Amino acid sequence: MAWVVRGEFRKLWVGQLVSASGSAVTTVALPLVAVVTLHASAVEMGALSALSIAPHLVFGLLAGVWVDRWSLRRVMIWTDLGRLVLLGSVPLAAALGRLGIEQLYVVAVLTGVLTLLFDTASQTIIPALVPREDLMRANSAALLNLNLASTLGPSAAGLLVQVLTAPFTILVDAASYVVSTVTAYLIREPERPPARPRSEVRLTAGLRVLFGDRMLRPLVTSAAIAAMAGAMQGPLVVLFLVRELHRSPAFVGLSLTTFGAATVAGTFVAGPWCARAGIGRSYLSGVFLASLTGVSLFTGLTPVILLGQVCTGLGMSLFAVPQRTLRQAMAPPGLLGQVTASWRTLVIGGQTVGAVAGGGLATALGIRPTLLIVTAGMLAGFLVAAVSPLRGLRVLPEVARSIARD
């Protein structure tokens with residue numbers, strides 16, 4: 001991706017690649033610290049998982065206001081340093097014999113807040129670092145980092161835990177924030193529009209942009225519905241393969257690896273596909289392909305299951321790249337942080353509801369029927385976008401839209 005990973009964006013991209021890889025390791029290592037080192041109960045594990053998500057729901061809208069008022073470069077530097085200290089405290093406490101589940105709770109909440117701020121700032125700064133014509137490809141490159149990390153990180157984490165033990169494996173993530181801090185420090189941040197006076201700032205500004213535009217409204221509605229349905233399915237995949245289909249752990253690993261490889265491949269395909277099919281149809285094709293996992297699992301046929309994982313992986317990249325690019329292009333520059341944070345609040349909120357609902361439905365109806373319900377839910381998200389003006393959108397609008405007046 002040399003055609004876009006250059007200049008100031010290269011610094012951001014390198015920092016994101018390293019820190020995303022470290023975060024993928026912690027995603028596995030932190031729960032293992034709780035289970036293996038602290039012998040946490042199921043209730044404690046559930047609390048740890050919930051606390052890592054809670055900041056996105058509680059502080060999401062407020063984070064957008066902060067990011068739009070502060071220097072994006074400084075936000076990234078200080079959040080990286082904060083996560084370095086927080087995660088570094090885990091192996092230090094373990095070495096001193098003072099580690100407890102309460103500390104993991106604090107680390108989960110505070111790193112969640114800092115990650116929310118960093119992710120909002122890093123997405124907000126991309127349009128300022130690359131020419132408009134490179135925005136789609138820049139988002140493909142940024143998503144490539146996340147997809148590579150989420151595909152390779154868990155395997156690396158397993159090996160590191162075996163060698164270093166879970167608490168000291170987290171040092172890898174802490175060290176990654178050193179690199180991310182340095183790259184953020186080196187970025188020359190372009191000037192931004194003056195922040196609006198505090199008296200004019202409203203937490204709902206990002207939501208008003210999203211729901212006040214004829215293109216963004218169906219986009220966010222579609223994405224929230226699809227995200228909720230997808231989250232219903234997430235916890236059930238491994239459970240269904242092992243308990244219902246009696247597949248081996250090796251097959252589970254193959255299935256997840258196939259999905260990960262497809263998401264990585266999708267980041268290379270998304271840009272050219274958007275150029276050929278148009279932004280709206282690329283988004284629609286991605287959501288449709290991503291909805292096929294439930295049906296493929298329902299069949300119980302190995303080739304169909306693996307094909308479904310390929311389709312879902314490709315689909316996630318095909319809809320993620322155009323939706324992020326369209327958001328960045330259409331949001332007013334002075335409100336892009338709030339628009340980004342509002343989007344994350346709605347989508348992650350939907351995922352939280354979906355994860356809870358999926359477990360309840362699977363218990364009440366069984367996993368197979370729930371997989372079909374999940375598919376119907378994702379197709380509902382597809383239909384919302386398919387019957388909207390988004391379907392005919394081929395290229396980015398020429399100018400960003402303005403927020404509706406009070």
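The values are calculated or read from the model by the stated rules, or taken from the named source; none is laboratory data. Because the structure is predicted, anything quoted here is derived from the model rather than measured. In this analysis, Cβ positions are derived from the backbone assuming ideal geometry, glycine residues included, and neighbour counts consider all displayed protein chains. SASA here: full protein model, heavy atoms, side chains in, ligands and nucleic acids out. Shrake-Rupley method; radii C 1.70, N 1.55, O 1.52, S 1.80 Å.
For the reader, a short list of remarks on this structure follows.
Results for (1) closer than 20 Å to Val395 by Cα; (2) among the hydroxyl-bearing types (Ser, Thr, Tyr); (3) in contact (Cβ under 8 Å) with a residue 12 or more places away in the chain, shown as yes or no for each residue.
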position	(1), (2), (3)
Asp134	yes, no, yes
Ser140	yes, yes, yes
Asn145	no, no, yes
Gly153	no, no, yes
Ala157	no, no, yes
Val163	no, no, no
Phe168	no, no, yes
Val172	no, no, yes
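- Number of the condition not met by Leu292 [criteria: (1) of a type in the set (A, V, I, L, M, F, W, C); (2) touching a residue at least 60 places away in the same chain (Cβ under 8 Å); (3) farther than 30 Å from Ala138 by Cβ]: (3)
- In the set Gly100, Gly112, only one residue is surrounded by fewer than 22 Cβ atoms within 10 Å (Cβ to Cβ), among the small types (Gly, Ala, Ser) and in contact with a Pro (Cβ under 7 Å, 6 or more places away or on another chain); that residue is Gly112.
- Subset of segment 337-366 [of a type in the set (S, T, N, Q) and either open to solvent by 40 Å² or more (accessible area, probe 1.4 Å) or modelled with pLDDT under 80 (or both)]: Gln351, Thr352, Thr363
- Within segment 329-385, tally of residues that are of a type in the set (A, V, I, L, M) and either in contact with a Pro (Cβ under 9 Å, 6 or more places away or on another chain) or outside any helix (DSSP H, G or I) (or both): 10
- The number of residues in segment 45-71 that are assigned to a helix (DSSP H, G or I) and open to solvent by 30 Å² or more (accessible area, probe 1.4 Å) comes to 15.
- The residue list Val264, Val310 contains one member that is within 17 Å of the chain's Cα centre (by Cα), in a helix (DSSP H, G or I) and surrounded by fewer than 24 Cβ atoms within 10 Å (Cβ to Cβ), which is Val264.
- Only listed residue being crowded, with 19+ Cβ neighbours inside 10 Å and more than 27 Å from Arg344 (Cα to Cα), chosen from Val90, Val130, Val107, Val163: Val90
- Filter result (closer than 17 Å to Leu171 by Cα and assigned to a helix (DSSP H, G or I)) within segment 90-105: Val90, Pro91, Leu92, Ala93, Ala94, Ala95, Gln103, Leu104
- Just one of the numbered conditions (1) modelled with pLDDT of 85 or more; (2) open to solvent by 30 Å² or more (accessible area, probe 1.4 Å) is not true of Val75: (2).
- Qualifying residue in segment 314-323 (condition: open to solvent by 30 Å² or more (accessible area, probe 1.4 Å), part of a helix (DSSP H, G or I) and more than 24 Å from Ala24 (Cα to Cα)): no
- Going through (1) in a helix (DSSP H, G or I); (2) open to solvent by less than 40 Å² (accessible area, probe 1.4 Å) one by one, Ala40 falls short only on (1).
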